[in-house]
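Below: the structure, in structure tokens.
The values are calculated or read from the model by the stated rules, or taken from the named source; none is laboratory data. If you're wondering where the values come from, they're calculated on a predicted model, not measured in any experiment. Ideal geometry is used to build each Cβ from the backbone, glycine not excepted, and the neighbour counts take in all protein chains shown. Keep in mind that these areas ignore ligands, DNA and RNA; they rest on the heavy atoms of the full protein, side chains included. Shrake-Rupley method; radii C 1.70, N 1.55, O 1.52, S 1.80 Å.
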Amino acid sequence: MFREISKKTAILFVSIMLVSAVLLAGCGKKAEPENSATSAPSAAETNAPDDSSAKDSGKLVVYAALNEDDIVQIQKQFKADTGIDIEYLRLSGPGEASTRIVAEKNSPKADIMVGGSVEFYDALGQQGLLEKYSSPNAQGLDATFIDPNGYWQGWYMGVLGIVINTDRFNKELAPKGVQEPKTWDDLLDPHYKGLFITSNPATAGGGYIFVADQLFRLGEQKGWEYLQKLNENVHHYTPGAVDGIKLTATGEFVAAMSWAHDIVKTAKQGYPIKVIVPDDTAFEVGGAAIVKGGPNTENAKKFIDWLLTKPVQEMNSKSSNRYSVRKDVAPPEGMIKLEDVKLVQYDRAKAAEMKADVVKKFTEMIGSK
Amino acid sequence: MNSLQMTVISTITCTVLAFVFAYAIARLDVPLKGLFKFITLLPIVSPPFIVALSYILLFGRQGLVTKQLFGLNIDIYGWQGLWVVQTITFFPYAYAVIYGVLKTTSVNLEYAAYNLGASRWQVFKDVFFPLCRPGIAGGALISAMSILADFGNPIVIGGNFNVLPTEAYMQMVGFFDLPAAAMLSTYLLVPALGIFIINRRWVGKRSYITVTGKETSLPPYPIHRFVKWSIFAFCIFVSAFVLAVYGVLFYGAFAKTWGYDWSFTLKNLHYVFAKGTEITNSIKFALISSLAAAVFSLLLAYIVQRKQVGINRFLDFLAILPGAVPGIFLGLGFAMAFNEKPFMLTGTSAIMILALMFWNLPTCYSSSLAGLQQIGTSLEEASVNLGAGNFKTFKSILLPLLSGPFISGLVVSFLRSVTCLSVVIFIYSASTSVGTISILSLVQNGEWGGASAFTVVLISIAFAVLAATKLFFRNQGKSYDL
């Protein structure tokens with residue numbers, strides 16, 4: 001009841017603010033003619049292609065939750081293969097990309113959302129913001145990479161790993177007789193107290209997958225006990241999954257949990273860090289989907305087909321260190337073979353379903369720290 | 001509760017720091033004033049997330065200063081670290097307002113007090129300080145609002161210490177719960193309103209007029225040597241701190257691997273050359289939006305302070321309001337509001353400029369208002385009596401007198417627009433992307449060297465533009481202080 005009312009009040013408040021913003025915006029323009037004069041031509045310029053965008057516009061607007069160099073490479077190769085120009089917007093994560101798509105739902109600007117774990121795509125699909133499409137090239141792929149509802153397409157895979165700073169580890173922990181961690185349980189060693197960081201499941205996709213990993217691995221009750229014990233060692237929870245890698249690379253912390261492919265990437269820059277993929281690790285399926293009502297839906301379908309071809313899958317594995325969804329593509333350099341990774345029984349549907357409750361419980365748990 | 005405590009303690013330290021700096025620069029005859037002025041601009045010009053990396057490197061648990069130099073093992077993640085970082089980040093905003101006022105405060109009253117036999121302390125307490133009140137209040141207000149709405153610092157350095165903006169961000173990105181996020185950010189308006197009311201009460205209806213048109217220009221009354229040099233030493237200490245942070249950033253721009261291998265390289269600069277459009281966009285949007293905000297807020301302040309219209313108080317609050325909303329929500333609000341006819345602005349330059357303009361409004365407005373409160377109405381009355389119209393009076397009497405606060409507002413707005421990330425993150429499009437977006441991409445790519453190089457270039461360009469405008473104004477015969 002209270003929540004209902006305050007939500008209404010909140011929405012009312014926001015609307016008042018926005019209305020006044022619009023009103024003031026009008027005044028602002030009058031007060032400063034230069035402002036409207038300068039912006040008007042560019043407004044027309046950006047809107048023009050939208051109006052003329054019929055079926056075959058030779059263009060594709062992509063919201064990419066990928067690394068800059070990965071999306072640049074995709075843009076180049078897609079143009080070379082199909083002649084279609086990609087106009088991309090790099091966003092810092094699937095959460096941000098989703099938020100944009102939700103905010104723009106009355107007049108979608110994007111055709112494709114690509115990158116980031118498929119859990120985010122499920123949420124968008126349920127809100128009716130994605131276009132159903134199943135690519136002919138998806139035949140023969142493992143069922144894990146296919147959305148039963150038909151909204152998204154899995155096109156890469158990543159596994160969780162542990163990063164350790166070898167300099168600090170050898171200097172501080174090895175003399176105390178601590179072995180390099182091989183399993184998630186090794187992280188409970190009290191020697192890691194204050195030296196280990198991981199990400200917050202509320203904001204980081206990887207952070208949540210890690211938590212779910214433990215619940216699937218140990219079962220509900222023991223899983224929570226594990227998280228509670230680990231919490232003793234965790235210095236703090238970072239907002240993004242990759243943040244831990246930076247802080248471990250510069251020696252601020254000794255160990256962190258993050259995506260194995262991102263750890264390898266940073267290691268290649270010359271930092272004294274090392275990736276360990278423990279047993280019973282969890283994985284993410286990286287998604288791609290067509291935004292419903294986008295300006296170039298036909299080209300978007302071509303993009304999904306293209307993404308699943310062998311050369312493109314090979315290219316992406318090489319540049320991003322992520323595993324391909326195709327069985328005929330070799331694992332990325334510097335990463336262990338997927339066959340050698342012992343994956344946990346990860347129930348994606350259940351993970352998505354219990355997310356809200358788990359995150360809530362988790363937040364309460366660390367709140368009492 | 002976290003948010004409130006944080007805001008209170010950071011605002012106090014910000015205001016004190018700002019006041020000391022403003023006093024040293026405006027009133028004292030000490031060397032290195034140029035350096036101090038520079039120090040008050042630097043923190044405004046830099047995106048918080050990249051500076052936070054420097055803080056961690058310097059003062060973190062393996063920090064160059066804390067561990068290497070002093071052998072300390074302090075933990076900067078949490079409220080203490082956040083306090084220090086926010087103080088350094090936001091004291092320049094308070095400084096801009098306070099300095100604008102201090103510079104124009106006439107020393108006549110002080111001389112009068114000394115002639116009547118008052119002690120230095122009495123003069124400071126009973127004459128000088130009360131006259132600074134609108135400036136201090138305006139400065140404190142603007143930094144309080146910024147601290148309350150600050151998102152970048154808490155997310156990097158806060159550790160597990162959550163404040164309202166980071167909570168709201170979690171709701172939005174973690175749960176896609178836009179209504180809950182909106183609700184949390186409206187909660188921000190409650191303390192904001194509180195701060196605002198306290199502020200306006202404190203300034204009150206008293207008169208702060210010292211610009212009367214009858215000044216003689218006397219040099220400031222000299223203060224005690226000991227006090228003077230302690231203030232100087234304090235400023236040096238703060239400056240050294242800020243310089244160290246930016247020194248690391250600058251050095252990092254030319255280092256092989258950020259924070260690990262410090263050997264020299266130029267390769268990081270390659271990232272910058274590929275992004276010409278983003279840099280020009282940054283400068284263009286910042287110039288137009290800050291100019292618009294400065295002009296608009298001057299008119300607004302004039303209406304609120306001089307013309308007794310019925311909705312004054314509401315207008316007054318409205319002008320300050322955008323400062324209390326975290327930039328990220330301001331941007332998201334714009335994205336949602338302007339995505340439907342007749343306001344189809346998504347993806348255009350117009351929306352970027354408008355959003356930045358609103359974001360800058362509180363800064364410019366506070367500075368204009370504080371300035372206006374000091375100027376007696378007698379000059380305007382004289383002008384009107386001599387037959388000049390309202391507009392003419394405004395243009396030829398008030399405008400020249402207000403050029404100080406006006407320009408300091410403009411400069412601050414320009415600098416913070418160039419390096420603004422939060423406001424634009426949900427509204428930029430492929431053709432309107434800006435420099436800070438590229439920096440964020442580089443940071444998230446793990447290319448910290450490239451990100452530092454980009455930041456250094458962006459800061460240099462911003463200062464170059466400032467220097468150019470300063471030169472331009474000087475040639476026009478209107479010199480002003482940066």
List pairs: first residue in segment B:387-409 and over 23 Å from B:ALA26 (Cα atoms), second residue surrounded by 12 or more Cβ atoms within 10 Å (Cβ to Cβ) and polar (S, T, N, Q) anywhere in the structure, Cβ distance under 7 angstrom, at least six positions apart or on different chains.
B:THR393/B:SER383; B:ILE397/B:SER383
Filter segment A:89-105 for residues that are more than 7 Å from chain B (Cβ to nearest Cβ) and in a helix (DSSP H, G or I); the one that is nearest to the chain's Cα centre (by Cα) is A:PRO94
For residues that are more than 9 Å from chain A (Cβ to nearest Cβ) and either touching a Lys or Arg at 6+ places or on another chain (Cβ under 8 Å) or of a type in the set (S, T, N, Q) (or both), tally how many sit in segment B:282-312.
6
Listing of helices (runs of 4 or more DSSP H) fully contained in segment B:367-449 that carry 1 or more residues being among the hydrophobic types (A, V, I, L, M, F, W, C) and closer than 29 Å to B:PRO326 by Cα:
B:399-418, B:435-444
Quick one: which residue in B:LEU345, B:LEU369, B:LEU354 is modelled with pLDDT of 80 or more and within 8 Å of chain A (Cβ to nearest Cβ)?
B:LEU354
Tell me yes or no: at least one residue of segment B:420-430 is within 14 Å of chain A (Cβ to nearest Cβ), at pLDDT below 80 and on the phi > 0 side of the Ramachandran plot.
no
If B:THR277 passes every condition in (1) out of contact with any Phe, Trp or Tyr (no Cβ under 8 Å at 6 or more places or on another chain); (2) open to solvent by less than 10 Å² (accessible area, probe 1.4 Å) but one, which one does it miss?
(2)
Looking at (1) over 27 Å from A:SER92 (Cβ atoms); (2) open to solvent by 50 Å² or more (accessible area, probe 1.4 Å), find the lone condition where B:PHE36 falls short.
(2)
If I filter segment B:8-23 down to residues being of a type in the set (Ser, Thr, Tyr) and open to solvent by 10 Å² or more (accessible area, probe 1.4 Å), which single residue comes out as farthest from B:PRO154 (Cα to Cα)?
B:TYR23
Please go through segment B:245-277 and pick out each residue that is within 14 Å of chain A (Cβ to nearest Cβ), more than 26 Å from the chain's Cα centre (by Cα) and of a type in the set (Gly, Ala, Ser).
B:ALA255, B:GLY259, B:SER263, B:ALA274
Would you check if there is a residue in segment B:73-88 being within 27 Å of B:ALA181 (Cα to Cα), open to solvent by 50 Å² or more (accessible area, probe 1.4 Å) and within 14 Å of chain A (Cβ to nearest Cβ)?
yes
Out of the residues in segment B:378-391 that are under 15 Å from B:ILE303 (Cα atoms) and open to solvent by 60 Å² or more (accessible area, probe 1.4 Å), which is farthest from the chain's Cα centre (by Cα)?
B:ASN390
Scan of segment B:298-332 for residues that are under 22 Å from the mean Cα position of the chain (by Cα), more than 24 Å from B:GLU381 (Cβ to Cβ) and free of Cβ contacts under 8 Å to residues at least 12 places away in the same chain, ordered by number:
B:LEU318
A:ASP167 fails exactly one of (1) touching a residue at least 60 places away in the same chain (Cβ under 8 Å); (2) not in a helix (DSSP H, G or I), namely (2)
Can you tell me how many residues in segment A:323-368 are under 15 Å from A:ALA202 (Cβ atoms) and open to solvent by 50 Å² or more (accessible area, probe 1.4 Å)?
7
Residues of segment B:450-462 satisfying the condition of being within 18 Å of B:ALA286 (Cβ to Cβ) and either open to solvent by less than 40 Å² (accessible area, probe 1.4 Å) or outside any helix (DSSP H, G or I) (or both)
B:PHE454, B:THR455, B:VAL456, B:VAL457, B:LEU458, B:ILE459, B:ALA462
B:ILE461 is checked against (1) in contact (Cβ under 8 Å) with a residue 12 or more places away in the chain; (2) within 13 Å of another protein chain (Cβ to nearest Cβ); (3) over 22 Å from B:LEU372 (Cβ atoms) and fails just one. What number does that condition carry?
(2)
In segment A:205-256, which residue that is in a loop (DSSP other than H, G, I, E, B) and within 23 Å of the chain's Cα centre (by Cα) is farthest from the other protein chains (Cβ to nearest Cβ)?
A:ALA241
Quick test of your reading of the structure: B:TYR77 fulfils all but one of (1) closer than 30 Å to A:GLY194 by Cα; (2) at pLDDT below 85; (3) part of a helix (DSSP H, G or I); (4) not β-branched (Val, Ile, Thr). Name the failing condition by number.
(3)
Answer yes if at least one residue in segment B:128-138 is over 30 Å from B:ILE198 (Cα atoms), in contact (Cβ under 8 Å) with a residue 40 or more places away in the chain and either assigned to a helix (DSSP H, G or I) or in contact with a helix residue (DSSP H, G or I) (Cβ under 6 Å, 6 or more places away or on another chain) (or both), and no otherwise.
no
Segment A:205-225, residues that are without any contact (Cβ under 8 Å) to a residue 60 or more places away in the chain and open to solvent by less than 10 Å² (accessible area, probe 1.4 Å):
A:GLY207, A:GLN214, A:GLY223
Sort through A:TYR133, A:TYR156 and tell me the only one that's aromatic (Phe, Trp, Tyr) and more than 26 Å from A:PRO332 (Cβ to Cβ).
A:TYR133
